[in-house]
Structure formats: structure tokens, C-alpha cells
Ligand code: NAP
């Protein structure tokens, strides 16, 4: 039987720490961190994410700004707004909710964000910094996974770490963070041959595939730590991870549930990054 890693509890601790540090920043320096979130179009899932980010900002004591733009907004208009926010000293963090409508190139928008305000850590400068281990911000989901691993006291050094998925926002940076902790990392993707033979060697297995119940019991080694990043909506409306929980849980030593695992960590790490951005922009060291 695996021990559950409780993302709700760990995210609550991270947020409480951010709230305390924010109150100190206000009291000592009169600085209130602020996060600007841009949403383009009316995708219902994006609306839920943006509302949750707004609520979290308010709970931290941050100033929260929202720019809701119509679906037909052009790339040029969006870049112009980002540049305006880059120049606004009242805005510490900028987040453009992805996906943006198809006629907008998301990389063009990400590149327009000032790397110092890039609290998602998707800008090429921040990606490069992560690659060489000199980072100020980490992408929120992989950073959240590391916080969960740490919360359970799991040592990464020397372990076989397998990540299934190589997206820019989760899989690739996840691999880099595990490597920085001296894990021996294999990153798998849709071209990987005999995936199960690789995943069965994992001491730490991170699934970020986007396919419900993709990781089955036979793909997991006895005693492995299994982290499920997937958030998949089933036809019955229920949320489901990438890991077949019923099959994998009896074999794993630790496992994250969905919901209540990695999901809550992403917003907590966004709050952490926004506070870091506010401190850095004001020359405040901890
Ligand atoms: P993505 O961009 O679609 O990437 C999926 C990755 O899985 C790709 O690298 C793909 O390989 C790989 N893949 C697909 N089928 C595979 C197969 N049969 N065998 C091996 N690899 C396979 O997805 P993402 O943005 O990384 O997100 C992944 C999941 O995490 C989604 O469910 C998403 O909702 C969830 N997510 C959760 C959070 C959170 O806060 N918890 C945050 C972000 C994402 P190729 O590169 O070869 O196509």
C-alpha cells in the first residue's frame, strides 16, 4: 500500500508561507506584489484557472489584475498589451493564460514577456537559466512536483527517474529539475520504444502524458514513487490522472492522487514566483 502525498496540504503550507512573507514585505517595505493575468477568448477551463489564480492572489494579499480580451484579439494587440505591462512598475508578474486562440503564436507572446516578470518561467531566457541551474523562477508544475517529493522526504540523488512526456511546460523542465538533484533521468515520449521496460526501472516515475489511466500496474516497479501530473476530464465529468490509481497504488511506495496531488501545487508555486518577482524587482533579498 502506497503512502499518499497530499498536494492539498503541501500547497496550503506553501501558500501560508507566501502569505506570511507578503505581509512582512508590506509591513517593512510597503510593497504589495501584483500579478496580471491575461485571458483571451472564452474557453471555460481557462476561465476556471484564471478565477482560481485571482482567488489565490487575494488570499496571499497580492494585487490581482485581470485583462479579459475577446477571441478576435490580434497577436499584435496582445503583444502591445504585454509590452505595456512590462513597462508598468505596478505589475510584478505577467501570466498569459494558455492556450491562446489559434491565430496567435503562443511563443511570440511568451517571448514578449519581460523575463523578470515571467512567473510561468516559459520565456527562453528562463528556460536557459533552468538548463544551466541559475534560475530565479521555476515553471510552476515541475516546481510543485519537486516540492511534493521533498515534502515526503524522498531522496532523488542516484535514483532512476523516468518522466513520461516532454512538453515545454512540464516534461522537459521536470527532467532538468530531477537531473539538478542528481537523479539519473530518462525522458520518454510518443516515439519511445517498449515504454514499459523503461518505466519498470523507475524509482521515481512522473507521468505527464494527458491520457487517462495510461500508466498501468505492469509498468511500475514494486516500491516506486509515482507522481501523476495528468488532469483528464472523463465523459462522466470526473477528473482522472494519467496513472491507473487502482492498479498502481498497491505497488507504489508513494503516490499522488488526482485530484488533490500535483494540481493544487501549480497555483501555490505561481504565488511563490510572483512574490519572488516582486522582491527581485525591488532589490529585496530574503
Ligand atoms: P502535452 O503537451 O500534450 O504533452 C504530452 C506528452 O506525452 C508529449 O511529450 C507526448 O509525446 C507524450 N506522449 C503522448 N502519448 C504518449 C505515449 N503513448 N507514450 C509515451 N509518451 C506519450 O501535455 P502537457 O501539457 O505536458 O500535459 C500533460 C498532462 O498534464 C495533461 O493531462 C495536462 O492536463 C496535465 N497538466 C497538469 C498540470 C497541473 O497543474 N497538475 C499542469 C500542466 C499540465 P510527443 O512529444 O512525442 O508527442
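The values are calculated or read from the model by the stated rules, or taken from the named source; none is laboratory data. No experiment lies behind these values; they were computed from the predicted model shown. Note that we place each Cβ from the backbone using ideal geometry, even for glycine, and neighbour counts take in every protein chain shown.
Among the residues of segment 151-171, those that are in contact (Cβ under 8 Å) with a residue 24 or more places away in the chain, in contact with a strand residue (DSSP E or B) (Cβ under 9 Å, 6 or more places away or on another chain) and within 15 Å of the ligand (Cβ to nearest atom) comprise 162, 163, 164, 165, 170, 171.
Any idea which residue in segment 189-206 is surrounded by the fewest Cβ atoms within 10 Å (Cβ to Cβ), counting only those that are within 12 Å of the ligand (Cβ to nearest atom) and closer than 13 Å to residue 160 by Cα?
Taking the candidates together, the pick is 198.
Of the residues making up segment 253-262, one or more are within 16 Å of the ligand (Cβ to nearest atom) and either out of contact with any strand residue (DSSP E or B) (no Cβ under 9 Å at 6 or more places or on another chain) or not in a loop (DSSP other than H, G, I, E, B) (or both).
Would you mind finding the one in 284, 255, 227, 267 that is at pLDDT below 95 and in contact with a helix residue (DSSP H, G or I) (Cβ under 8 Å, 6 or more places away or on another chain)? Show your work before the answer.
Values: 255 fails: at pLDDT below 95; 227 fails: at pLDDT below 95; 267 fails: at pLDDT below 95.
Every option except 284 fails the conditions.
Per the listing 83, 55, the residue uniquely out of contact with any strand residue (DSSP E or B) (no Cβ under 8 Å at 6 or more places or on another chain), surrounded by fewer than 20 Cβ atoms within 10 Å (Cβ to Cβ), modelled with pLDDT of 95 or more and over 18 Å from residue 114 (Cβ atoms) is 55.
Does residue 137 satisfy being at pLDDT below 95, within 16 Å of the ligand (Cβ to nearest atom) and under 20 Å from residue 96 (Cα atoms)?
On the way: at pLDDT below 95: yes; within 16 Å of the ligand (Cβ to nearest atom): yes; under 20 Å from residue 96 (Cα atoms): yes.
In short, yes.
Considering segment 207-221 alone, what residues qualify as being crowded, with 24+ Cβ neighbours inside 10 Å, without any contact (Cβ under 8 Å) to a residue 40 or more places away in the chain and within 12 Å of the ligand (Cβ to nearest atom)? 219 - this is the single residue of segment 207-221 that is crowded, with 24+ Cβ neighbours inside 10 Å, without any contact (Cβ under 8 Å) to a residue 40 or more places away in the chain and within 12 Å of the ligand (Cβ to nearest atom).
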